[in-house]
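Trainee: One structure, pasted below without further comment.
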Ligand SMILES: [Zn+2]
C-alpha cells in the first residue's frame, strides 16, 4: 500500500496538489477548498486587500463568500480583478482546466476539457484560451484597461511634509538622500476601477515599465504623475501602452 500523503491545512503548495486527473476532479469539486485555493492564488501573502481602494480593513460575509471593504464600502469577491471575474463557470471547473493545462504534457483539447468538466466545447475553448494566456503571463490577474493612472509614492514621509525642526535635523545628517529610509510604492489605478500596488526595488524605467506591462492591457491610456517623486518637479505626462 502506498504511503498516505500528508496534507497540511494550507493550500496551494506543490506537494499537496492532486497528481492524477481523477484526484484533481475530487480535489477541486470541494467548493470550500476551491474557494480557499482561489484566495491563496489571489493573495499569495495572505493579506486580503480591497481591489478598489487597497484597504486591508474588511468584514467577511461567509454565507456569500464576499468581503465588504471598510474603506470604500464596496463588496468584492475572490474573482474581482482576475481572469475569472466575468465568468459564470464555477471555480472548481476553472481550477480543473488550469490543472489539465499545467499537467497534461501532450496538451489539452477543448473536446477533452469539455468532457472532463461538463461544459460545451465552445466554453472549453474560451477557458483554455484564457488559462494559457494567464500561464504565459504568470498571473491570473485581469489587466487594467481604459484610462489608467500610475504613480510612485515614498512611504515613510517626505521631507517636505515634515516639521521644520525635524527636517533640519535630518538634513544635517551625513549622506542625506531624499529617498533614504523610505519604501517606494508604485500604484496603478484604473479610472473608476481597481488599484494595484507593488513595492519597487528602484526607480529604473525598466523596473517601473515591467509592472505596468504586467498589469495594464495593451492600448490603455496611461497617465503618469511624476510630482510624487521628490527628485522631479511636478509634471504630468501620458502614454499609450
Ligand atoms: Zn475598498
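The values are calculated or read from the model by the stated rules, or taken from the named source; none is laboratory data. As the structure is a computational prediction, the values presented were derived from the model and not from experiment. Note: ideal-geometry Cβ built from the backbone for every residue, glycine included; neighbour counts use all protein chains shown.
Trainee: Being near the ligand (Cβ under 8 Å from one of its atoms) and crowded, with 19+ Cβ neighbours inside 10 Å is the filter here; which residues of the range 52-69 pass it?
Mentor: 52, 69
Trainee: If you go through the range 21-51, how many residues are within 20 Å of residue 196 (Cβ to Cβ) and more than 16 Å from the ligand (Cβ to nearest atom)?
Mentor: Here is the first cut: in the range 21-51, the residues within 20 Å of residue 196 (Cβ to Cβ) are 38-51.
Keeping just the survivors that are more than 16 Å from the ligand (Cβ to nearest atom) gives 38-41, 44-46.
Adding up the residues that qualify gives 7.
Trainee: Quick one: in the range 70-92, which of the residues that are in contact with a strand residue (DSSP E or B) (Cβ under 8 Å, 6 or more places away or on another chain) and touching a residue at least 60 places away in the same chain (Cβ under 8 Å) is farthest from the ligand (Cβ to nearest atom)?
Mentor: Ranking the candidates gives 82 first.
Trainee: Looking only at residues that are under 15 Å from residue 185 (Cα atoms) and assigned to a strand (DSSP E or B) in the range 207-227, which one is modelled with the lowest pLDDT?
Mentor: 225
Trainee: Something else about it: Out of 128, 203, which single residue is at pLDDT 80 or above and either crowded, with 16+ Cβ neighbours inside 10 Å or touching a strand residue (DSSP E or B) at 6+ places or on another chain (Cβ under 7 Å) (or both)?
Mentor: Values: 203 fails: at pLDDT 80 or above.
Just one listed residue meets the conditions, 128.
Trainee: Write out, first by first residue and then by second, each pair whose Cβ atoms fall under 6 Å of each other, whose residues are 6+ apart or on separate chains, and whose first residue, in the range 104-132, is in the same structural domain as residue 94 (by TED's automatic domain parsing) while the second is assigned to a loop (DSSP other than H, G, I, E, B).
Mentor: 130/83
Trainee: For residue 133, state whether it is over 22 Å from residue 29 (Cα atoms) and either in a loop (DSSP other than H, G, I, E, B) or at pLDDT 80 or above (or both). Can you show your working first?
Mentor: Working: over 22 Å from residue 29 (Cα atoms): yes; either in a loop (DSSP other than H, G, I, E, B) or at pLDDT 80 or above (or both): yes.
Answer is yes for this residue.
Trainee: I would also like to ask the following. Taking the conditions exactly as written (modelled with pLDDT of 90 or more, away from the ligand (no atom under 16 Å from the Cβ) and outside any loop (DSSP other than H, G, I, E, B)), does residue 95 satisfy them or not?
Mentor: On the way: modelled with pLDDT of 90 or more: yes; away from the ligand (no atom under 16 Å from the Cβ): yes; outside any loop (DSSP other than H, G, I, E, B): yes.
Spelling it out, residue 95 is indeed modelled with pLDDT of 90 or more, away from the ligand (no atom under 16 Å from the Cβ) and outside any loop (DSSP other than H, G, I, E, B).
Trainee: Output the qualifying pairs, or none if there are none: Cβ atoms under 8 angstrom, residues six or more apart or on different chains, first residue in the range 38-51 and within 19 Å of residue 188 (Cβ to Cβ), second residue in a loop (DSSP other than H, G, I, E, B) and away from the ligand (no atom under 16 Å from the Cβ).
Mentor: If the second residue must be in a loop (DSSP other than H, G, I, E, B) and away from the ligand (no atom under 16 Å from the Cβ), the pairs left are 42/140; 44/12.
Trainee: Here's a follow-up. Consider residue 67 against the criteria (1) in contact (Cβ under 8 Å) with a residue 12 or more places away in the chain; (2) not in a strand (DSSP E or B): it satisfies all of them except one. Which criterion is unmet?
Mentor: Result: residue 67 fails condition (2) only.
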